[in-house]
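Working notes for the structure below.
Coordinate-derived values only; no laboratory data. Every value quoted in this text rests on a predicted model; they were computed, and no experiment measured them. Cβ: placed from backbone, ideal geometry, glycine included. Neighbour counts: every protein chain shown.
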Amino acid sequence: MKAALIRAERDRKILVTEDVPRPEISPSQVLVRIHVAGICGSDLHGFMDAAGTARRDGLIMSHEAAGIVEEIGSAVESVTVGDRVTVDPQVVCGQCEPCRNGWISICDNKRVTGSSLRGFEQGSMAEYLAVESSQVYNLPENLTYAMGALIEPLSNAIHVINRASIRLGDTVVVLGAGTLGLCMIQAARAAGAGRIVASDTSDFRLTVARQLGADVTVNPLTAKLRDVVSAETDGVGADVVIESVGIDATYQDTIHIVRKRGRIMFFGAVQPTVSVDLMPILHKEIDIVGCTGANDETQIAIDMMASGAIDIAPLLTHSFSLDEAQAAFDAMADPSIDTIKVQVTV
């Protein structure tokens, strides 16, 4: 089969489309013929990090996928050959304490397709992907493969909103208006948020944020987020702040724009370490909640997308062929190109 693999070239990584063996499946697995594979920001960061191990030589990237079931193992009963499906990329053990509690997003032994951070797990930027049958979900007929490949980021966004415990009328600030942030804006509105403020350094993405439900948008390159939130809340601060960027500056902002006894959702992860001011956390009695991946929100994401409750069409900005995988990453890395979700059609 054809696949786009990471290859080391001097002091950088490149993507090369090669012929590799088609994966074989176990009795509990299914083989999915991939139609669309999405590129996550974590893919870009790992790929651009020449010394990093999260995306290393020989890896097939992408954990956002949709396709059609080509083959099923002898023990599989949940899907049949020919089913159109989306893929949950989380490979979990089912045996650890988190799994026994139903917390699969924090499985002690979790691996993710398209990542070499915890074990080498090949991804979906290829013609075929072998996964456990429990990882695939049927797509309704009104969802295209491109839409199906966005189920994974949407389910992550819904997981964050579920853990945020938003109450009716809450003021919610979303830092970062990429794919995840734009999904969070819509999910927050569905959860009952009364006023939503979105922040991003891209005016293009802020325009889309307003289109999808943000009441106020802030570009921190031209305005001070802390001043805007203070003005919007009469100096009280936001009820819920969601960090979806992952850098020191935005993590610092969260502490200062949330109200006393407000809630902060930590989700973005570009830097392994960030710093925040301690005293406001203590004196404002702030709740800080960490989030990673989705738990049991995949079917919810499918249903919300199929019903039209979540609009992902404006997020689908660029599509490349498998042979153009390198060009897809180049486009994402180019600040002069207005990208949100870049996908590869296989």
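How far apart, in nm, are the 7 Å Cα→Cβ label points at Glu77 and Ser230?
Between Glu77 and Ser230, the label points sit 6.2 nm apart.
Find, among the GluC sites (Glu not before Pro) in segment 86-182, those assigned to loop by DSSP (not H, G, I, E, B) with at most 12 other beta-carbon atoms within 10 angstrom.
Sites meeting the loop and neighbour criteria: Glu141.
Just the ratio, please: alpha-carbon radius of gyration of segment 47-159 over 2.2 N^0.38 Å, N its number of residues.
1.10
Which one of Arg55, Arg163, Arg195 has the biggest mean-square fluctuation once the chain is modelled by GNM with Cα springs under 10 Å?
Arg163
Quick one: net charge around His256, please, counting Lys, Arg +1 and Asp, Glu -1 for every other residue with C-beta under 9 Å from its C-beta.
Net of charged neighbours comes to -1.
If the chain between Asn101 and Asp19 were fully stretched, how many nm would it gain, using 0.36 nm times the residue separation less the Cα-Cα distance?
25.4 nm
Report the antiparallel proportion of the DSSP beta bridges in the chain as a percent, rounded to a multiple of 5.
Expressed as a percentage, antiparallel bridges in the chain total about 60.
Select from Glu77, Glu324, Glu297 the residue whose mean-square fluctuation is largest in a Gaussian network model of the chain (Cα-Cα springs shorter than 10 Å).
In this elastic network of the chain, the residue with the biggest mean-square fluctuation among Glu77, Glu324, Glu297 is Glu77.
For Gln29, what charge total do you get from the other residues with a beta carbon under 11 Å from its beta carbon, if Lys and Arg give +1 and Asp and Glu give -1?
After counting each charged neighbour, the total is -3.
Across segment 186-260, how large is the tail of the calculated P(r) beyond 14 Å, expressed as a percent of all Cα pairs?
61
Any chance you could run the full-extension gain for Ala190 through Met1? It's 0.36 nm times the residue separation minus the Cα-Cα distance, nm to one decimal.
Length difference between fully extended and current span is 63.9 nm.
Residues of segment 303-322 with backbone nitrogen within less than 11 Å of a virtual label 7 Å along the Cα-to-Cβ line of Phe204, please, listed as ranges.
Answer for segment 303-322: 317-318.
Percent relative contact order of the chain, based on C-alpha pairs within less than 8 angstrom and at least six residues apart?
So the answer I get is 17 percent.
Around Val218, what is the net charge, scoring Lys/Arg as +1 and Asp/Glu as -1 over all other residues with Cβ under 14 Å from its Cβ?
-1
Run through all the Cα pairs of the chain and give the fraction in each 20 Å bin from 0, expressed as whole percent.
31, 58, 11, 0
So if we plug the beta-carbon distance of Asp57 and Ala249 into 1/(1 + (r/R0)^6) with R0 = 45 Å, what FRET efficiency do we get, rounded to 0.05?
With a Förster radius of 45 Å, E is 0.90.
At 10 °C and 1.306 mPa s, what whole-number value in µm²/s does Stokes-Einstein give for the translational diffusion of segment 131-247, with Rh from the Kirkwood sum over Cα pairs?
Rounded to a whole number, D works out at 106 µm²/s.
Given the options Leu59, Leu225, Leu278, which has the most mean-square fluctuation in a GNM of the chain, springs set between C-alpha atoms less than 10 angstrom apart?
Result: Leu278 has the largest fluctuation of those listed.
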